[in-house]
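Everything below concerns the one structure shown next.
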Amino acid sequence: MPDIEVEDLLRGLAPQVLGAVVRHYGHFDTAEDAAQEALLAAATQWPKDGIPDNPRGWLITVASRRLTDLLRSEQARQRREDTVARWTLPGQLLAPAADRPAAESDDTLILQFMCCHPSLSPASQIALTLRAVGGLTTAEIARAFLVPEATMTRRISRAKQRIKDSGIPFRMPPGPERTERLDAVLHVLYLIFNEGYASTSGPTLQRTELSAEAVRLARMVHRLLPHDGEVTGLLALMLLTDARRPARTGPDGDLIPMAEQDRNLWNAAYIAEGVALITDALPRGATGPYQLQAAIAAIHDEAPTAGATDWPQIMALYELLMRISDNPMVALNRAVAVAMVRGARAGLDLLAELEADERIAEDHRLHAVRAHLLEMTGDRVAAHDCYQAAARRTTSLPQQRYLNARAARLSE
Amino acid sequence: MKYIILTYASQQDYDGIAGKASDKSAWSAADFVALGAFMEKFNQDLEESGELVETRGLAAPVHTRRVGGRLQEGLPVVTDGPYAETQEVLAGYWVVECESFDRATEIAARLGKAPAPEHVAARAFADVRPIAESRADLEG
């Protein structure tokens, strides 16, 4: 059995094992350590000894035994310190039991909900999701986010402690709360994807393993909630965006804008899958922001050339998006679409309005778009300055190199 | 009449059965297999005689939550793992339905023949208690 197959199997089982142990015994924080140790034991033993007949059962048994050991040393230490571990039962646990027995697949989803609990910061939600649901080790997560392992260890243990202290019960959030919590889950997956796709720091533009992990987790949530339009929309958006990755950077790692990309390099399988997903989701019920963004990505991906892009439809979709989300990035993208349909001047007028929004006024992307539009109007001097202003505002080296190159071209 | 037969063990006893030595030595593989076979036969006999209502073993004492009656900000207080390592606590039970307390006692006495290492057998015991079927039984 090759290591890679064992690894795939373990990553899929990780949330199920942790979910089963927490459902049975509680102690989210300690159970998480126990589950990780069981996964590590399997990762070293299975490639050598073969995969047991019931791998999930094997992992749950080993994790449960390990949990017992960890709890005993913890409780013994607490008794020595003469403090007994006490917590107050959350009021919701006094409510009547749920009306149906839990399915195994629920465990993975409940875990995902726990990891994206509103008491945690987005950075902690991301780290905990990657570890508890994704089954990544702390070292792997630290590497992906370019922080020292000790920093990531502290972040994860604080997050686990907070979940324990908040006393949230291991069960599906009730009705209206579930929608809200699902929004948080999708947002975390979206952030993980973006961190991988458009790295905010460091020398390489894409940390592809994070994007791949986000796609894997989105696929998992989609399997569990196949009829949720926004879950489908998010998965489609990730696939349709990631499809362009092979064409997005040149041989020297430099950034290539979409209009200049070699479309033959785009991932046709991802485009086909993403288009099928969004086509299936759109006619069903309320259309949320992920579905709209996926629809826009699909229009870009399906255009045979940049010139053949259906900009009026993209503009219309951005206008719908503006109505349901107050996001300055959406407004910025709409300005680009308007410029492509009605001319650069119309786009620049919209940018002038956006400059008052302090959420984006200092963002390099606003300056980069203005530079492009100024270049379209033929104002080379103003465009040159804007490209340089944009380059000063990004921390990404590939983006700095791209923006400075555009500026240099105009001063020739 | 229904009776409940209760057996007890400490966390250290659980460890011993799981093959881990503490202040008490661990069970050998032979001890463990013999106990399993004995219990299987014991339960099977009770089932055949129609006296077994239910039997269960409990997870290790370390996995215990004690829910107190005392309130803190209006909600019950829960204590994790309230038992000391050597404290003997409920480990398992049988609910039997049989003609008399004496018959229930006879059933429980068979448990005394359960194979076990000497240091465990010497201290093992079971309690038999009649089950109150109704409020009238309690008030009787």
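Annotations
- Gaussian network model of chain B, Cα within-10 Å springs - most flexible of B:52, B:75, B:35: B:75
- Inter-chain shielding of B:78-84 (mean C-beta neighbours from other protein chains, 10 Å cut-off): 6
- Rounded, prolate or oblate (a/c below 1.5 giving rounded, otherwise prolate when a/b exceeds b/c) for region A:291-345 by Cα gyration tensor: oblate
- Normalised alpha carbon radius of gyration of region A:315-412 [divisor 2.2 N^0.38 Å]: 1.06
- Its DSSP H runs of at least 4 residues, each contributing -39,500 (n - 2.57), put the calculated 222 nm mean residue ellipticity of chain A at -22500 deg cm²/dmol, to the nearest 500.
- Nearest-ten-degree value, helix A:268-281 long axis tilted from longest Cα axis of chain A: 80 degrees
- By other beta-carbon atoms within 10 Å, ranking B:1, A:315, A:172 with the fewest at the front produces B:1, A:172, A:315.
- Total formal charge among the other residues, if their Cβ is under 12 angstrom from that of residue A:243, Lys/Arg +1 and Asp/Glu -1: 0
- Of A:14, A:361, A:42, the one that fluctuates the most in a GNM where chain A has Cα springs shorter than 10 Å: A:361
- Charged side chains reduced to their Cβ positions (Lys and Arg at +1, Asp and Glu at -1) give chain A a dipole of some 800 debye around its Cα centre.
- Largest mean-square fluctuation among A:233, A:26, A:135, in a Gaussian network model of chain A whose springs join Cα atoms under 10 Å apart, belongs to A:26.
- On Cα atoms only, tilt of A:175-197 relative to the major axis of chain A in degrees: 60 degrees
- Per residue of B:58-70, other chain Cβ atoms within 10 Å of the residue Cβ number 3 on average.
- Debye, to nearest 20: dipole size of region A:10-72, +1 on Lys, Arg Cβ, -1 on Asp, Glu Cβ: 120 debye
- Cross-link reach list, aspartates and glutamates versus residue B:41, counting only Cα pairs under 20 Å and skipping chain neighbours closer than eight places: B:31, B:51, B:54, B:97, B:106
- Residues of chain B were split at every exposed loop site, defined as GluC sites (Glu not before Pro) in a DSSP loop with at most 14 other C-beta atoms within 10 angstrom, and the longest piece left, sites excluded, is B:1-72.
- Residues B:113, B:24, A:160, ranked from the fewest to the most other C-beta atoms within 10 Å, line up as B:113, B:24, A:160.
- An ellipsoid equivalent to chain A, defined through the eigenvalues of its Cα gyration tensor, has semi-axes of 44, 23, 22 Å when rounded to whole angstrom and sorted largest first.
- 0 to 90° range, to nearest 10: angle between helix A:289-302 axis and chain A longest Cα axis: 50 degrees
- Between the listed residues A:130, A:161, A:54, the Cα displaced farthest toward the positive end of the dipole of chain A, a dipole computed from Cβ unit charges relative to the Cα centre, is found at A:161.
- Per residue, the convex hull volume that the Cα atoms of region B:72-140 enclose (Å³): 165 Å³
- Surrounding net charge for residue A:313, when Lys and Arg each add one and Asp and Glu each subtract one, Cβ distance under 15 Å: -2
- Per-residue Cβ neighbour rank within 10 angstrom, fewest leading, B:38, A:113, B:101: B:101, B:38, A:113
- Residue mean of other protein chain beta carbons inside 10 Å, A:59-70: 2
- Chain B - Rg and Dmax from Cα coordinates, angstrom: 17.5, 52
- Taking a sphere under 13 Å around the Cβ of residue A:44 and counting the other residues whose Cβ falls inside, with K and R at +1 and D and E at -1, yields a net charge of -3.
- Residue (of B:121, B:94, B:37) at the positive-pole extreme of region B:3-140, dipole from beta-carbon charges: B:121
Read-outs throughout are calculated quantities, based only on the coordinates presented, and are distinct from any laboratory measurement. Quick caveat, the model's predicted, so the values are computed rather than measured. Methodologically, a virtual Cβ is constructed for each residue, glycine included, from the backbone with ideal geometry; neighbour enumeration extends over all protein chains shown.
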